[in-house]
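What follows is one structure encoded as structure tokens, with my remarks underneath.
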Amino acid sequence: MRRGIFDIAQTVRGAATIGISGHEKPDGDCVGSCLGLANYLRDLLPDARVDVFLERPPRELVENIPGAEKIRSDFVTDVPSYDVFIILDSAKERTKGAEAMFDAAKRKINVDHHISNPGCGEINFVDPEASSACELVYDLIRAAGGEEAADPVTREIAQALYVGMVTDTGVFRFSNTSKHTMEAAGDLLTYGFDHARIVREVFFEKTYVQQRMIARAVMGSSLHFGGRVVVSRINREDMLEEGATRDDLEGAAAQLILTRGCVCSAFLQEQEENVYRVSLRSTGEADVSRIAGSFGGGGHMRAAGCTLRCTGEEAEKSILEAIERELSTSADETEK
Ligand SMILES: [Mn+2]
């Protein structure tokens, strides 16, 4: 049994209004965990109102996660204070539009697997060992008290949670994939959704513009520290030339870290003049959540992000210095 797990059915008992939210720019795990839990709570409490607040998810998630059409992307509600508000896959600061609703709620719950999140609820179920928020929601639903005979998992719930596990484990490739992750995923598969289609559409498919932006990121990259670090930067004029938006840069960071010999990568994208979003990846030798944290960002050991406000050259230089520091620190720690 996971540390910090609680009885979700018991906790929401009697609630008439429940709010749910996750992080900005919601990914498969964020949308899957929010909608998987929302579907479960709607079945559990048919008379309760369950509202999900998220920015509009990308098309492949809307098409593959049941209930996505009910998401409230305007963050507008007429409920002054939700009986229960649950933030998934995020700390409250990253939810943007939902933070005030969370603060105003009568009961605040936080479920997350980000190592950088200390927990922002009265009830915190935060486990960095879990592959995904969806794995934690799966555990919550399976551990919930209720009628013995009824199976609380439906095909809709199973599909939503599977999308999140696939997303955050890179289709069960990353080291966050545990025996328990596979057992949970295996259990979800028995509900009979088209899992092969999900993997293709949610994880692997790219638009042609995305493919071209990945190519540009790789072509424009440079190697550092004897080939152990690869860095690439995409400027606004690169995006303009390809007709690309920010969403079209998806996949570039993941491609860079696949360079043989490389243990850490940084992908910088210019958001506006002198503002760079940095996506950091690591094979495990460096803890990139610490690098991101030193610039006010966050994330996981092997995938993290932050924003730098300076010129592109300065941003690259600062990031490379931070990576060098982190690599020497983690080497020292290994020796001890
Ligand atoms: Mn996640």
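The values are calculated or read from the model by the stated rules, or taken from the named source; none is laboratory data. Computed from a prediction, not measured in an experiment: that's the story for all the values here. Here the Cβ is made from the backbone with ideal geometry for all residues, glycine too, and neighbour counts use every protein chain on show.
Some observations on this one:
- The condition (being part of a helix (DSSP H, G or I), more than 14 Å from Ile86 (Cα to Cα), within 16 Å of the ligand (Cβ to nearest atom) and in the same structural domain as Arg142 (by TED's automatic domain parsing)) is satisfied by just one residue among Asp29, Asp43: Asp29.
- Exactly one residue among Ser221, Ser232 is farther than 21 Å from Pro58 by Cβ and more than 25 Å from the chain's Cα centre (by Cα), and that residue is Ser221.
- Of the residues in segment 75-95, not one is of a type in the set (S, T, N, Q), away from the ligand (no atom under 16 Å from the Cβ) and assigned to a helix (DSSP H, G or I).
- Any chance Thr245 is modelled with pLDDT of 95 or more and under 20 Å from Lys206 (Cα atoms): no
- Within segment 99-114, tally of residues that are in contact (Cβ under 8 Å) with a residue 60 or more places away in the chain, more than 16 Å from the ligand (Cβ to nearest atom), buried (at least 19 other Cβ atoms within 10 Å of the Cβ) and not aliphatic (A, V, I, L, M): 1
- Residue match in segment 165-179 (condition: in contact with a Cys (Cβ under 6 Å, 6 or more places away or on another chain), within 12 Å of the ligand (Cβ to nearest atom) and at pLDDT 95 or above): yes
- For Met1, the conditions (1) outside the structural domain of Arg155 (by TED's automatic domain parsing); (2) closer than 30 Å to Gly251 by Cβ all hold with the exception of (2).
- Residues that are without any contact (Cβ under 8 Å) to a residue 12 or more places away in the chain and of a type in the set (A, V, I, L, M, F, W, C), drawn from segment 135-188: Ala149, Ala150, Met182
- Residue list for segment 260-284, restricted to those being in contact with a Leu (Cβ under 8 Å, 6 or more places away or on another chain) and surrounded by fewer than 17 Cβ atoms within 10 Å (Cβ to Cβ): Val275
- Test for Gly121: is it modelled with pLDDT under 95 and either within 16 Å of the ligand (Cβ to nearest atom) or among the small types (Gly, Ala, Ser) (or both): no
- Of the residues making up segment 190-210, those that are farther than 18 Å from Pro26 by Cα and of a type in the set (Lys, Arg) number 2.
- Lone unmet requirement of (1) over 23 Å from the mean Cα position of the chain (by Cα); (2) modelled with pLDDT under 95 for Met239: (2)
- Selection of segment 133-170 for residues being surrounded by fewer than 16 Cβ atoms within 10 Å (Cβ to Cβ) and either assigned to a helix (DSSP H, G or I) or among the β-branched types (Val, Ile, Thr) (or both) yields Arg142, Ala143, Thr154, Arg155.
- Extreme residue, nearest to Leu161 (Cα to Cα), among residues of segment 192-205 that are surrounded by fewer than 16 Cβ atoms within 10 Å (Cβ to Cβ) and charged (D, E, K, R): Asp194
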